[in-house]
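Here's the structure we're looking at; comments come further down.
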Amino acid sequence: MNIPRSSFPRIVIIGGGFAGISLAKKLKNKNAQVVLLDKHNYHTFQPLLYQVATGGLEAGSIAYPIRKVVQDYDNFYFRLANVKEIDAENKKVIADIGDLYYDYLVIATGSKTNYFGNKEIESYSMAMKTIPQSLNIRSLILENFEQALLTNDINERNALMNFVIVGGGPTGVELAGALAEMKKAILPKDYPDLDIRNMGIHLVQGSDRLLDAMTVKSSQKAEDFLHGLGVSIWKKVRVTNYDGRTVTTNSDLTFDTATLIWAAGVKGAVVNGLKPEALTERADRVMVNEFNQALGYDTVFAIGDIAVMASEKNPQGHPMMAQPAIQQGNLLAENLIRKMQNKEMKPFVYNDKGSMATIGRNKAVVDLPKWHFHGVFAWFVWMFVHLVSLIGFKNKAVVLTNWIYNYILFDREGRLIIRPYKKKNIQSFTSDEI
């Protein structure tokens, strides 16, 4: 990888998400050589992916070059790499661009979509964990309506205008709300020769309420907001299969749709090479102690979504969200310095700052440790928190400008098919590939 030798200990970080970037920032100009590896050369602000998918923002406004984050850091190196395996015995990382030895390794690879072993759903549904996936969803949504204009088959047209979102967490709720606003204010003007009233938006949730990690009141309020926007909500329903045309469930309920968006679960993006006893049986995550050390290892650490720090209070580990990742990254930087100085490390204690979700224009729910509120004020709080969390002044300015423009004109100019998405050819469709 052409990383020069150094008298300082080498810390290798795999992953440039919230956890990896937070760790890298805190290691700025410390007595260590830091190497950050990622398969993308940018950091993605994942909470706003749904706005890229629905044309509210362009991809560049929620991405930030990793090299720009670290360009002023001494003894710091970034390499565009896809890590294939970890050789912990020899303290080596094996990647597609070569091998690299480390003194300390930090796994911050985040999470990926969990299809729970269903290969058909994985093959035919749409995921939304990355910018390319969000751009695919945006293209497919618009291509569906273009195709609906061309078909004379009413069943075909309805399937093209029917959208099923699986998963009632923040991603599913926010995406459903954004689609509903498109149906209300944008699509009727873009497609006057289609009856947009026939567009269906279905949100399917396996449990008995939406946003089940939030308070019951916030959950109910989010459901009320979605109902008001015309979203059909199906609770206690589990999707069992999707063949590209028909969604089947664990009940008699089925959906005829050209678009299934899967937001029903995530699992860790594990790198091969760790001992089986260091991994969870389900969800493919790395078990860590209170110092974020992978179980059974002294110099291998894991932070963020990939890590499970089980405790009496959090038997399944911390929520797979940005805040735990950021806080773990910040503390681990301090602990790595302490470890290199032969000092005791500090145990991680999660500071739960709350959770929130937006359902649309003037509609959001916010749960803070001491306060819970909903509606317009919650919507402004949601916008403020997400705006200040973006990396880079330009990104903050572009996103704010877009939000103001969209709010005043009730419009989204990002509804562009920049790169057409070619859906798998499915026999049950009468038309050609979408």
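The values are calculated or read from the model by the stated rules, or taken from the named source; none is laboratory data. Owing to the predicted nature of the structure, the values given are computational and were not obtained by experimental measurement. As a convention, Cβ positions derive from the backbone with ideal geometry for all residues, glycine included, and neighbour counts pool all protein chains shown. SASA here: full protein model, heavy atoms, side chains in, ligands and nucleic acids out. Shrake-Rupley method; radii C 1.70, N 1.55, O 1.52, S 1.80 Å.
A few comments on the model shown:
- Heavy-atom accessible area ranking, 1.4 Å probe, most first, across PHE384, PHE145: PHE384, PHE145
- For the options PRO276, PRO47, PRO65, a Gaussian network treatment of the chain with springs between C-alpha atoms closer than 10 Å singles out PRO276 as fluctuating the most.
- Residue-normalised convex hull volume from the C-alpha trace of the stretch 321-400: 98 Å³ per residue.
- For the stretch 311-434, relative contact order (Cα pairs under 8 Å, six or more residues apart, normalised by length) works out to 11 percent.
- Its relative contact order, with pairs defined as Cα atoms under 8 Å and 6+ residues apart, puts the stretch 71-166 at 11 percent.
- Accessible carbon and sulfur surface of the stretch 88-164 relative to its total accessible area, %, 1.4 Å: 45
- Cα-based radius of gyration for the stretch 1-75, normalised by 2.2 N^0.38 Å, reads 1.29.
- Overall dimensions of the stretch 185-235, expressed as equivalent-ellipsoid semi-axes from the Cα gyration tensor (√(5λ), whole Å, largest first), are 28, 11, 7.
- Cα gyration tensor, the stretch 258-369 - rounded (a/c under 1.5), prolate or oblate: oblate
- FRET efficiency for THR248 and SER7, using Cβ-Cβ distance with R0 set to 60 Å, rounded to 0.05: 0.45
- Normalised by the number of residues in the stretch 200-342, the mean separation of alpha-carbon contacts (under 8 Å, six or more apart) gives a relative contact order of 13 percent.
- Treating each Cα of the stretch 154-218 as an identical point scatterer and summing with the Debye formula, the log10 of I(q)/I(0) at q = 0.15, 0.23, 0.25, 0.29 Å⁻¹ comes to -0.55, -0.95, -1.04, -1.22.
- Rg/Rh for the stretch 203-288 stands at 1.09; both radii use Cα atoms, and Rh follows the Kirkwood definition.
- Surface composition of the stretch 344-403: carbon and sulfur make up 66 percent of the accessible area, probe 1.4 Å.
- At 1.567 mPa s and 4 °C, Stokes D of the chain from Kirkwood alpha-carbon radius, µm² per second: 57
- Separation of alpha-carbon centers, the stretch 142-177 and the stretch 206-233, rounded to whole Å: 20
- Projected label points at ILE418 and ASP72, each 7 Å from Cα along the beta carbon direction, are separated by 2.8 nanometres.
- Largest accessible area first, the listed residues GLU156, GLU344 line up as GLU344, GLU156 when surface is computed with a 1.4 Å probe on the assembled protein chains.
- Averaged per residue, the stretch 39-118 has 44 square angstrom of accessible surface, using a 1.4 angstrom probe with ligands and nucleic acids left out.
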